[in-house]
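Visitor: Got a structure here, written out as structure tokens. Questions coming.
The values are calculated or read from the model by the stated rules, or taken from the named source; none is laboratory data. Keep in mind that what you see is a predicted model, and the values were worked out from it rather than measured. When we count neighbours, we look across all protein chains shown, and the Cβ atoms used for this are built from the backbone with ideal geometry, even at glycine.
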Amino acid sequence: MTSKEIRQSFKDFFASKDHQVVPSAPMVIKDDPTLMFTNAGMNQFKDIILGNAPVKYPRVADSQKCLRVSGKHNDLEEVGHDTYHHTMFEMLGNWSFGDYFKKEAIAWAWEYLVEVLKLDPDRLYATVFEGSPEEKLERDNEAAGYWQHYLPNERIIDGNKKDNFWEMGDTGPCGPCSEIHIDIRSEEERAKVDGLLLVNQSHPQVIEIWNLVFMQYNRKADGSLEPLPAKVIDTGMGFERLTMAVQGKTSNYDTDVFQPIIAKIGEITGVAYGNDTRKDIAKRVIADHIRTIAFSITDGQLPSNAKAGYVIRRILRRAVRYGYTFLNMHDAFMHKLVPTLIDVMGDAYPELEVQKTLIEKVIKEEENAFLRTLETGIRLLDKEIAEHKGSDRNELEGGIAFQLYDTFGFPLDLTELILREHGMSVDHKGFNVEMQKQKERARNAAAVETGDWVKVRDGGTEFVGYDETECETQVIRYRKVKQKNKEYYQVVLTKSPFYAEMGGQVGDSGWLIDENGEGTDIFDTKRENNLPVHLANKLPHHIEGSFRAKINTARRTATECNHTGTHLMHEALREVLGTHVEQKGSYVSPEILRFDFSHFQKMTPEEIRAVEQNVTEKIRSNFSIEEHRHVPIDEARAQGAMALFGEKYGDDVRTVRFGSSIELCGGTHISSTGRIGTFRIVSESAIAAGVRRIEAVTAKGCEDYLYTMEDMLRNIKEALSGNAPEIMVGLRKLMSENEEMRQKIEAFTKERTVQLKNLIIQKKEIVNGVTVFKLEGMVVTPEIVKDIAFQLRGEFPEYMAFMAATGGNNKPSLTVMLSDDLVSGGLNAGTIVREAAKHIQGGGGGQPHFATAGGKNADGLKMAMETMLQYLP
């Protein structure tokens, strides 16, 4: 069977067992503060499992895109080096929410593997939870009993808590699990060692393929377990491992999931697969990583320097480094793999084909940027090596190695390789110290401590904010949150008009007013696992009582104007620039709207003006909102509603229409476009390859912007003492005078430099055959000093030393220039200037022949000059 057939057979099998087959959720998570990426199939069902959302389908199955590169589930270092770990992988799963449990899950797993896929039952093993006395949990005899219908007792293996009690994190849903392992070794190898001895021993050919999780508990923050509202079946089977077993391979990378990509890498690089271990690892890493990067971009996560975007950038750079080091790829090449990836996975995930151009452009730009950085890192390392030569130090400082790693993305092993060629090593201890400091900084910056929920009453939250700005409500539960130096509370209400932040629209603020008229400020509203939580600095005095929830309507209205303006601008961009424009991100607040979209060149002033005019015309048309809730997704798409890749939509959606603009949207909007009043684009810029960003303002924000522009224009007029038509004349005159003045200053500087250089030459000294030039006690710009230094080196190329200690006030500086023969003789300008800089309370460095330093203590210039002169022979 091909991989495509295997994936489809899984869906068809569970559809025959009355499961609703649902599409994969995005790999990038946007509304769960505990996760950046989907790392397990259950993530999209977390709120159902916790009882925070109703069960629509009691039985569900899917193939879910997952990513594991950080935290508890981190397989990054194994990827490419072994045969079965990946960053991005597909998880085939089936779920039951309060419907069937262990008996059916085990029976259907066996039926699918043995009867549908025809896997050899003699090669299968099952593990069950052995129990945990400290948790007061017994052995899972129930699961073991069901397995006895299919397997002999010796192939039903007890597993410890680490392997057979499934937990997503420190808190949340959990329970015993039963893993299915398969032995894919040759008959000869199986005869030598019993597979029972190799289960869960990290043997590359005796591996887990399916985990059946029997979720019965919720792990609380204090570590205790409480029963879930309803028992849940959550299974996860690694699609790539399953394909390996079905296709009779001994490596995931030998299946048709990866081989076409690996073959394409070989075609591009000219390096055959199977001849060199290091090069094969590089190909496997690249084949794995290109999937992660492409799917992340498709799901709306571009590489960046923050959070999820940083993870994707690091993965991309890791792949580029493998190509650079082991495949001699010094030019961008990974973007050329995208068409092959689409051939392999495009049938199951058609969004890859739709986003093909964007994916290729983003990857190519990131590749080129890192290749430039990589070369910069090599030059920096060469400089450090040169500075260490001639000294008794043959070990590169750990801090410098970490700077190469952290700032330039320079791998430590590549640093070590280059150092070894020069007889040097790296200070691993110092590197690890710096790495630990960074981890501590990141951990402290992200530290959030949440207490357990305090339950006040049962029930769920009803959102009434589309129709009401205030309503009667009660508190369902609350908890305290500690983050850095602040504390606040999260409050869940029975009924709420507060919009919880989602889809780029910020959350509402407002008040909870008790029966005595006392108000509690709600400063924000967030969404966690589809649950709206209201943030307050303190709790109301009578938490069990009734309240009136009231939003800040002025803030909401300003936000709605910007949100509706975003919809109108989206349509205008497609009309002005073309239908290739697609939303890649948005942010809507009371102050501004920000819109990221696919477009491959800078917008011209004429295009920006055309978009503004288009939106303004829609505003003047005063279109009323046409809102439809609970529209079947297929019907909404048939109406032309814009759907965004990277967003998870249910079967029923909400559509918002203003004139011809219709989008799937869960946010709040103004009642008619005329209420927006005015619209202006304030900036347009690039944020990634093929992705532009517009910032714009509407309503009062736009008025304030226009007033600012008018004030600026008036001030310019007054400064130029002219009227509006004469402003450009005045500006051109001012620019001309400025250029004339610049040329005069430049000529004066050159003249002064020549005079100063001649004066220095006149006062030169000969010390032990070395011509010494000194510049001391004058206030001279560093640029002039550098110019003089290089001129003197050109005029006196042999046995020449130039020492300068200049500047005044709080800006003293030092400069050292040496001829090549003095450097060959052991002198180093960087070493000299660093020692001398101590006298001016500063530091510096540079190359062996030229170095500079700055400081704060001008009184130390004389001692600094004396120190520099002491280094001369």
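Visitor: Is region 426-448 home to any residue that is modelled with pLDDT of 90 or more and in a strand (DSSP E or B)?
Guide: The answer is yes, given that some residue of region 426-448 is modelled with pLDDT of 90 or more and in a strand (DSSP E or B).
Visitor: Pick from region 212-224 the residues that are under 15 Å from Ile48 (Cα atoms) and either out of contact with any Phe, Trp or Tyr (no Cβ under 8 Å at 6 or more places or on another chain) or of a type in the set (Gly, Ala, Ser) (or both): which of them is surrounded by the most Cβ atoms within 10 Å (Cβ to Cβ)?
Guide: Tyr217
Visitor: Separate question: Hey, does region 338-348 have a residue that's surrounded by fewer than 20 Cβ atoms within 10 Å (Cβ to Cβ), under 21 Å from Asp256 (Cα atoms) and touching a strand residue (DSSP E or B) at 6+ places or on another chain (Cβ under 9 Å)?
Guide: yes
Visitor: Here is a follow-up. If Met244 satisfies all but one of (1) in contact (Cβ under 8 Å) with a residue 60 or more places away in the chain; (2) under 30 Å from the mean Cα position of the chain (by Cα); (3) under 30 Å from Asp122 (Cβ atoms), what's the number of the condition it fails?
Guide: Of (1) in contact (Cβ under 8 Å) with a residue 60 or more places away in the chain; (2) under 30 Å from the mean Cα position of the chain (by Cα); (3) under 30 Å from Asp122 (Cβ atoms), only one is false for Met244: (2).
Visitor: Also, quick follow-up: Residues being more than 22 Å from Leu380 (Cα to Cα), over 44 Å from the mean Cα position of the chain (by Cα) and touching a residue at least 24 places away in the same chain (Cβ under 8 Å): count how many of those fall in region 819-873.
Guide: Total meeting the criteria: 16.
Visitor: Looking at Lys584, Lys618, which is the one that is basic (Lys, Arg), buried (at least 21 other Cβ atoms within 10 Å of the Cβ), touching a helix residue (DSSP H, G or I) at 6+ places or on another chain (Cβ under 9 Å) and closer than 16 Å to Ile676 by Cβ?
Guide: Of Lys584, Lys618, the one residue that is basic (Lys, Arg), buried (at least 21 other Cβ atoms within 10 Å of the Cβ), touching a helix residue (DSSP H, G or I) at 6+ places or on another chain (Cβ under 9 Å) and closer than 16 Å to Ile676 by Cβ is Lys618.
Visitor: Moving on to the next point. For residues in region 678-705 being outside any strand (DSSP E or B) and out of contact with any strand residue (DSSP E or B) (no Cβ under 7 Å at 6 or more places or on another chain), which is nearest to Glu365 (Cα to Cα)?
Guide: Ala689
Visitor: Does Gly323 meet the test of being part of a loop (DSSP other than H, G, I, E, B) and either without any contact (Cβ under 8 Å) to a residue 60 or more places away in the chain or assigned by TED's automatic domain parsing to the domain that holds Ser24 (or both)?
Guide: No.
Visitor: Scan region 738-787 for residues that are small (Gly, Ala, Ser) and over 23 Å from Met868 (Cα atoms) and jot them down.
Guide: Within region 738-787, just Ala747 meets the criteria.
Visitor: Sticking with this structure for a sec: Among the candidates Pro152, Pro121, Pro173, Pro133, which residue alone is loosely packed, with under 14 Cβ neighbours inside 10 Å, touching a helix residue (DSSP H, G or I) at 6+ places or on another chain (Cβ under 9 Å) and not β-branched (Val, Ile, Thr)?
Guide: From the options Pro152, Pro121, Pro173, Pro133, the qualifying one is Pro121.
Visitor: Moving to a separate point now. Of the residues that make up region 800-809, is at least one touching a residue at least 40 places away in the same chain (Cβ under 8 Å), loosely packed, with under 12 Cβ neighbours inside 10 Å, farther than 18 Å from Met868 by Cα and polar (S, T, N, Q)?
Guide: The answer is yes, given that some residue of region 800-809 is touching a residue at least 40 places away in the same chain (Cβ under 8 Å), loosely packed, with under 12 Cβ neighbours inside 10 Å, farther than 18 Å from Met868 by Cα and polar (S, T, N, Q).
Visitor: If you go through region 264-308, how many residues are over 25 Å from the mean Cα position of the chain (by Cα) and outside any helix (DSSP H, G or I)?
Guide: 7
Visitor: Have a look at Gly667, Gly674 and point out the one that is at negative phi, part of a helix (DSSP H, G or I) and touching a helix residue (DSSP H, G or I) at 6+ places or on another chain (Cβ under 8 Å).
Guide: Going through Gly667, Gly674 in turn, just one is at negative phi, part of a helix (DSSP H, G or I) and touching a helix residue (DSSP H, G or I) at 6+ places or on another chain (Cβ under 8 Å): Gly674.
Visitor: Could you please give the count of residues in region 177-203 that are over 24 Å from Gly145 (Cβ atoms) and outside any loop (DSSP other than H, G, I, E, B)?
Guide: Number satisfying all stated conditions: 7.
Visitor: Evaluate region 823-833: report whether one residue or more is part of a strand (DSSP E or B) and at positive phi.
Guide: no
Yes/no matrix, rows are residues, columns are (1) in the same structural domain as Leu113 (by TED's automatic domain parsing); (2) surrounded by fewer than 17 Cβ atoms within 10 Å (Cβ to Cβ):
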position	(1), (2)
Glu226	yes, yes
Lys231	yes, no
Thr235	yes, no
Gly238	yes, no
Arg241	yes, no
Met244	yes, no
Ile262	no, no
Gly266	no, yes
Gly270	no, yes
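Visitor: Separate question: When you scan region 520-532, do you find a residue that is under 30 Å from Phe45 (Cα atoms), assigned to a loop (DSSP other than H, G, I, E, B) and at pLDDT below 95, even just one?
Guide: Within region 520-532, one or more residues are under 30 Å from Phe45 (Cα atoms), assigned to a loop (DSSP other than H, G, I, E, B) and at pLDDT below 95.
Visitor: Taking the stated definitions as given, is Met502 more than 30 Å from Asp596 (Cα to Cα) and touching an Asp or Glu at 6+ places or on another chain (Cβ under 9 Å)?
Guide: In short, no.
Visitor: Is it the case, given these coordinates, that Ala837 is aliphatic (A, V, I, L, M), within 20 Å of Gln755 (Cβ to Cβ) and not in a strand (DSSP E or B)?
Guide: Spelling it out, it is not the case that Ala837 is aliphatic (A, V, I, L, M), within 20 Å of Gln755 (Cβ to Cβ) and not in a strand (DSSP E or B).
Visitor: Do we have any residue at all in region 130-142 that's of a type in the set (D, E, K, R), out of contact with any Cys (no Cβ under 8 Å at 6 or more places or on another chain), touching a residue at least 24 places away in the same chain (Cβ under 8 Å) and not in a helix (DSSP H, G or I)?
Guide: yes
Visitor: Mind checking which pairs have a first residue in region 719-747 that is farther than 23 Å from Glu783 by Cβ and a second that is exposed (fewer than 10 other Cβ atoms within 10 Å of the Cβ) and modelled with pLDDT under 85, Cβ under 9 Å, 6 or more apart or different chains?
Guide: If the second residue must be exposed (fewer than 10 other Cβ atoms within 10 Å of the Cβ) and modelled with pLDDT under 85, the pairs left are Gly730/Ser721.
Visitor: Could you pull out the residue among Phe410, Phe370 that is of a type in the set (Phe, Trp, Tyr), part of a helix (DSSP H, G or I) and within 16 Å of Asn305 (Cα to Cα)?
Guide: Phe370
Visitor: State all residues of region 535-552 that are part of a strand (DSSP E or B) and surrounded by fewer than 15 Cβ atoms within 10 Å (Cβ to Cβ); if no residue qualifies, say none.
Guide: Within region 535-552, Ser546 is the sole residue that qualifies.
Visitor: Is there a residue in region 272-283 that is buried (at least 24 other Cβ atoms within 10 Å of the Cβ), modelled with pLDDT of 90 or more and aromatic (Phe, Trp, Tyr)?
Guide: no
Visitor: What is the one condition in (1) among the small types (Gly, Ala, Ser); (2) loosely packed, with under 14 Cβ neighbours inside 10 Å; (3) closer than 27 Å to Lys30 by Cα that Ala719 does not satisfy?
Guide: Unmet condition: (3).
Visitor: Restricting attention to region 760-783, and to residues there that are surrounded by 12 or more Cβ atoms within 10 Å (Cβ to Cβ) and in a helix (DSSP H, G or I), which single residue is farthest from the chain's Cα centre (by Cα)?
Guide: Ile761
Visitor: Looking at His86, His19, which is the one that is touching a Lys or Arg at 6+ places or on another chain (Cβ under 7 Å) and at pLDDT 90 or above?
Guide: Answer to the selection: His19.
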